[in-house]
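Colleague: Let me give you the structure first, and then I'll get to my questions.
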Amino acid sequence: MVTRSRMERELLGVLRDLAAAELPLGKLFTQLNLMLKEPLGVDASCWHGTDPASGMVTSTVMENLDPRGFERAAYLELWAPEPLTFAGLRALGKRVDSLSHAAKGKLDDSARYRELIAPFGFGDEMRVNFDLPSGCWGAATFLRAKDRGAYTEAEVGMMDRFSSHIGQMLWRSYRGTVPQGEGQPLPGIAVLGPRGHLMSADPRAEAVLAELAETSPSSTGVPSGLITVAEHARGLGAAGRMDVPSRSRVRTSTGQWLTLHASLLEGRPDGQVAIVVTPATPAEVLPMALMSLGLTAREQDVAILVARGNNTSTIARSLFITPATVQDHLKSIFTKAGVRSRREFIARLVGTSAGQAPAGVTARGA
């Protein structure tokens with residue numbers, strides 16, 4: 001009989017092989033799903049790419065789930081009281097939990113369980129965020145048939161131990177995908193109806209929708225990234241927080257970053273939502289570039305000040321650290337970025353050739 005510890009060691013070996021294969025995100029999710037189905041007792045799953053900065057869902061790969069439930073699931077995730085959500089996990093400082101545990105056994109307290117889980121024969125749900133200190137790199141939901149019982153503490157613990165390894169794999173899939181600033185789509189606009197259906201779109205938005213098309217489309221055919229940011233706007237509107245922006249970044253199949261800006265038409269949460277799709281600005285690209293390099297939070301603080309043209313003394317005063325500590329951080333930053341100087345580092349961030357300082361960004365000496 002194979003022990004759980006031996007099984008975990010074997011699965012970690014499979015994870016290492018998958019990491020070496022450097023598969024595209026969709027294929028990676030498919031292979032991870034095949035690997036984890038039997039050990040975790042999974043009967044249906046939903047894997048998500050996310051905006052590394054906010055954790056908002058940007059893409060979806062499903063197995064054995066009805067895509068017609070995605071719009072409702074997004075609503076329940078983003079603006080309904082639920083015992084287990086991706087954002088709720090982060091707020092608790094956890095990567096993984098089961099619905100049965102989060103709801104303290106009172107599954108009927110969850111509208112998601114009543115509407116989208118139990119009616120399809122499922123009995124429990126496990127959620128996992130593949131987060132690292134550098135950012136939010138993906139998420140997944142696992143469902144199991146009711147006759148299998150609830151997810152056990154051992155199963156949740158095993159997924160928790162795998163989550164950081166998978167997070168590293170997803171992070172690596174983002175490296176080198178910061179936009180080059182050339183050939184990006186022009187701004188476009190799409191309007192979604194109350195149930196997530198596409199009401200209208202200009203030609204530029206239609207081109208983006210085609211570029212973001214998913215292997216597991218929602219029932220409306222609208223990419224999950226647009227549905228998610230629209231539901232985020234609806235949730236804020238219902239809470240009377242119209243002043244808070246609903247914005248998410250999505251990555252196209254060519255590695256370009258776009259920004260989705262959602263707003264309620266006529267200010268009604270139950271009405272239409274306009275989504276403006278724009279190329280990511282330099283300010284929006286910078287956090288993505290830093291996250292893709294795997295910089296720590298403090299290294300990101302230093303890197304941002306470097307990109308703004310601050311010298312070592314100014315950075316030290318701004319962050320209340322010594323100049324020697326700044327230099328230590330710079331050494332680590334340059335190593336991770338594979339560069340030797342500030343000018344090369346800035347060029348690496350914006351995708352220009354070394355030695356060409358981009359417009360609006362200054363490279364200064366120490």
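Colleague: Here's a check for you: in region 101-116, which residue that is crowded, with 23+ Cβ neighbours inside 10 Å and touching a residue at least 24 places away in the same chain (Cβ under 8 Å) is farthest from Val57 (Cα to Cα)?
Modeller: Across region 101-116, the extreme among qualifying residues is Ser110.
Colleague: Hey, another quick one. Would you pick out the residues in region 218-243 that are of a type in the set (A, V, I, L, M) and either in a helix (DSSP H, G or I) or farther than 15 Å from Ser59 by Cα (or both)?
Modeller: If we filter region 218-243 for residues that are of a type in the set (A, V, I, L, M), which is where we start, we get 222, 226-227, 229-230, 233, 236, 238-239, 242.
Leu226, Ile227, Val229, Ala230, Ala233, Leu236, Ala238, Ala239, Met242, listed by residue number.
Colleague: Out of the residues in region 8-55 meeting the condition of being assigned to a loop (DSSP other than H, G, I, E, B) and charged (D, E, K, R), tell me which one is surrounded by the most Cβ atoms within 10 Å (Cβ to Cβ). Before the answer, list the steps.
Modeller: Looking only at region 8-55, we keep the residues that are assigned to a loop (DSSP other than H, G, I, E, B), and these are 22-24, 41-43, 51-55.
Now narrow it down to the ones that are charged (D, E, K, R): 22, 43, 51.
Working: Glu22: 11, Asp43: 19, Asp51: 25.
For region 8-55, the residue satisfying everything is Asp51.
Colleague: Run down Arg90, Arg127 and say which single residue is under 16 Å from the mean Cα position of the chain (by Cα) and not in a helix (DSSP H, G or I).
Modeller: Details: Arg90 fails: not in a helix (DSSP H, G or I).
Every option except Arg127 fails the conditions.
Colleague: Got at least one residue in region 118-132 being open to solvent by 20 Å² or more (accessible area, probe 1.4 Å) and within 25 Å of Arg249 (Cα to Cα)?
Modeller: yes
Colleague: Still on this model: Pick from Ala280, Ala307, Ala303: which is within 30 Å of Pro245 (Cβ to Cβ), modelled with pLDDT of 75 or more, in contact with a strand residue (DSSP E or B) (Cβ under 7 Å, 6 or more places away or on another chain) and of a type in the set (A, V, I, L, M)? Write out each step before concluding.
Modeller: Working: Ala307 fails: in contact with a strand residue (DSSP E or B) (Cβ under 7 Å, 6 or more places away or on another chain); Ala303 fails: in contact with a strand residue (DSSP E or B) (Cβ under 7 Å, 6 or more places away or on another chain).
Answer to the selection: Ala280.
Colleague: Another one. Exactly one of these conditions fails for Ala289: (1) open to solvent by 10 Å² or more (accessible area, probe 1.4 Å); (2) modelled with pLDDT under 90; (3) closer than 30 Å to Ser59 by Cβ. Give me its number.
Modeller: All conditions pass for Ala289, except number (1).
Colleague: Would you pick out the residues in region 212-231 that are without any contact (Cβ under 8 Å) to a residue 60 or more places away in the chain, in contact with a strand residue (DSSP E or B) (Cβ under 9 Å, 6 or more places away or on another chain) and either hydroxyl-bearing (Ser, Thr, Tyr) or surrounded by fewer than 24 Cβ atoms within 10 Å (Cβ to Cβ) (or both)?
Modeller: Within region 212-231, Gly221 is the sole residue that qualifies.
Colleague: Residues of region 248-263 being farther than 16 Å from Pro52 by Cα and in contact with a strand residue (DSSP E or B) (Cβ under 6 Å, 6 or more places away or on another chain), which ones?
Modeller: Those that are farther than 16 Å from Pro52 by Cα and in contact with a strand residue (DSSP E or B) (Cβ under 6 Å, 6 or more places away or on another chain): His261, Ala262, Ser263.
The values are calculated or read from the model by the stated rules, or taken from the named source; none is laboratory data. These numbers were taken from a predicted model, which means no experiment stands behind them. Note that each Cβ is placed from the backbone with ideal geometry, even for glycine, and that neighbours are counted across all protein chains shown. With ligands, DNA and RNA removed, areas are computed over all heavy atoms of the protein, side chains included. Shrake-Rupley method; radii C 1.70, N 1.55, O 1.52, S 1.80 Å.
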